[in-house]
Amino acid sequence: RFSIKVVDMENGKGLRATKELRVGELICEEVAVRKVSKPNINTLEKTPSVHLELAGNIRYTNHSFIPNAYVRFGPTELAVSLVACRNIAIDDEITIDYHATESEMSNPFIDNASGKPVSGWKENSIIN
């Protein structure tokens, strides 16, 4: 139904486009398994105290500081979608910026492309 495939990547799994996608186009959507109060490797943060646990393809979306997709919640309480924020070519990896979706990461890491830490937006906020 959706124009993505799960693929093996260097550090796990990822999503790739199986057709060209345009800005604003729905990439995929799913219904989360449940709400949890703390993040884990398979969740997306809806609010700081509500994380949606995913069991479908969206859980394989990798991080990029230059993403080509963003997360959209709704229309129901557990609905999660990926939407293209840039044009995406066939076989491009689908990525989101974890700093835009997570206040805290359950498993922080170093971004391979930039060498910068990825730990959530709380850790990267400037405090005056």
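Restricting the first member to the stretch 68-81 and to residues that are modelled with pLDDT of 95 or more, and the second to residues that are of a type in the set (Gly, Ala, Ser), the beta-carbon pairs closer than 6 Å and six or more apart or on different chains are Ala69/Ala84; Arg72/Ser81; Leu78/Ala32; Val80/Ala32.
Scanning the stretch 67-90 for residues that are within 17 Å of Arg1 (Cα to Cα), surrounded by fewer than 16 Cβ atoms within 10 Å (Cβ to Cβ) and in contact with a Ser or Thr (Cβ under 9 Å, 6 or more places away or on another chain) turns up at least one hit. In the stretch 37-45 there is no residue matching the filter, namely being over 19 Å from Pro108 (Cβ atoms) and either aliphatic (A, V, I, L, M) or touching a Leu at 6+ places or on another chain (Cβ under 7 Å) (or both).
May I ask you to say which residue of Asn62, Asn112, Asn42 is free of Cβ contacts under 8 Å to residues at least 40 places away in the same chain and open to solvent by 20 Å² or more (accessible area, probe 1.4 Å)?
Asn42
Hey, among Val23, Val6, which residue is in contact with a strand residue (DSSP E or B) (Cβ under 9 Å, 6 or more places away or on another chain) and not in a strand (DSSP E or B)?
Val23
The values are calculated or read from the model by the stated rules, or taken from the named source; none is laboratory data. Treat the numbers as computed from the prediction; the structure is a model and nothing was measured. Counting neighbours? That spans all protein chains shown, and the Cβs are built from the backbone with ideal geometry, glycine included. The accessibility values were calculated without ligands, DNA or RNA, using every heavy atom of the protein model including side chains. Shrake-Rupley method; radii C 1.70, N 1.55, O 1.52, S 1.80 Å.
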